[in-house]
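This report concerns only the one structure given below.
Bear in mind that the values in this text are calculations on the coordinates, not laboratory data. A quick note: this is a predicted structure, and the numbers were derived from the prediction, not measured. Every residue, glycine among them, receives a Cβ derived from its backbone with ideal geometry; neighbour counts consider all protein chains shown.
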Amino acid sequence: SPYQRLSQRMQDITGDRGVLKEVIREGAGDFVTPDASVLEITLWGMEVGLLTMRKGELARFLFKPRYAYGALGCPPLIPPNTTVLFELELLDFLDSAESDEFFALTAEQQDMFPLEKVLKVAGTEREFGNYLFRQNRFHDAKERYKRTSLILCRRPFHPGEQGHIESAKLLVFLNLSFTYLKLERPTRALVYGEQALAIDPKNAKALFRCGQACLHMTEYERARDFLVRAQREQPLNHDINKELKKLASCYRHSMDKEKEMCHRIFSPLHSSAVQQN
């Protein structure tokens with residue numbers, strides 16, 4: 001069969017010819033670490049195969065039924081006991097080993113870590129948060145970002161280290177603000193947006209997030225202040241200008257409702273006064 005001919009030139013990576021591999025395009029850098037957690041992978045063979053790959057690598061794999069869909073198959077497309085062919089491309093991966101080791105330490109031991117390693121751990125955690133955010137897993141992303149924030153905010157630093165830590169904190173505060181907006185918790189989004197502004201008062205993203213949060217809370221004057229300041233920093237930013245138009249529309253709608261309510265309240269009084277006259 002075509003699979004049998006293909007398998008003759010493929011590498012046996014499990015020792016039982018259950019998973020065979022052929023590299024189509026070489027990757028670069030380190031292999032995926034043996035203890036890596038592979039997310040959202042349903043086939044055992046796929047997980048085994050990924051752990052033999054480097055970043056940027058493209059490879060072809062043959063999975064025997066034991067490493068694929070087994071005796072049941074995957075009806076109606078894949079019959080029982082079927083050998084399957086996959087092509088996998090490893091775009092990127094995060095090595096969490098150093099991060100896991102860091103969080104296994106006591107708070108005192110973590111404080112003794114060199115700044116470079118602390119920033120690396122914080123960066124890894126934030127990237128995990130970014131991955132979860134892109135999957136619309138906003139609650140899980142928030143937990144990753146908050147863990148990153150705790151590392152950076154608790155860290156005692158020397159004057160020469162402050163700039164590096166503040167830069168890392170700014171990124172994670174912006175992430176938290178955006179995530180809380182997605183979770184429809186504008187009050188918390190505003191808190192983290194303002195923490196970002198405490199680091200960089202002219203940061204357009206932070207001003208924009210604060211404006212969005214205030215708009216969600218129907219605090220129109222505050223929303224306008226934040227958004228106008230954001231527009232001042234980035235006059236041609238489409239999202240900022242669109243949000244200002246949205247704010248104007250919401251404000252007009254609010255004023256119209258208020259006028260209508262006043263009319264309903266005072267109309268009976270006016271009618272009664274006319275009848276008495």
- With unit charges on the beta carbon (Lys/Arg positive, Asp/Glu negative), name the residue among Ile41, Phe61, Ser7 whose Cα is farthest towards the positive pole of the charge dipole of the range 1-112. Ser7
- In degrees, nearest ten, helix 220-233 long axis to first principal axis of the chain (Cα): 60
- Helix 186-199 axis, angle to the chain major axis (alpha carbon atoms, nearest 10°): 80
- Degrees separating the helix 238-276 axis from the principal Cα axis of the chain, which is the longest one: 40
- Message: If R₀ is 41 angstrom, what is the calculated FRET efficiency for the pair Leu77 and Glu221, using the beta carbon separation as r and rounding to 0.05?
- Response: 0.10
- Query: How large is the charge dipole for the chain, taken about the Cα centre, if only the Cβ atoms of Lys, Arg (+1) and Asp, Glu (-1) carry charge, to the nearest 20 debye?
  - Reply: 1000
- Item | Highest-first arrangement of 239-252, 188-201, 206-219, where packing means the average Cβ count within 10 Å | 206-219, 188-201, 239-252
- Task: Can you tell me the order of 224-232, 5-13, 134-142 when each peptide is scored by its average per-residue count of other Cβ atoms within 10 angstrom, highest first?
- Result: 224-232, 134-142, 5-13
- For the range 225-249 and the range 42-73, write down the distance between their C-alpha centroids in whole Å. 48
- At a Förster radius of 35 Å, what calculated FRET efficiency corresponds to the Cβ-Cβ distance of Glu233 and Asp140, to the nearest 0.05? 0.65
- Message: Given 25 °C and 0.890 mPa s, compute D for the range 48-197 with the Stokes-Einstein relation, Rh being the Kirkwood radius over Cα pairs; round to the nearest whole µm²/s.
- Response: 134
- Task: Of all alpha-carbon pairs in the range 2-89, indicate the percentage at a distance above 23 angstrom.
- Result: 21
- Query: Once you treat every alpha carbon in the chain as an equal point and sum by Debye, what is log10 I(q)/I(0) at q = 0.14, 0.17 Å⁻¹?
  - Reply: -1.03, -1.22
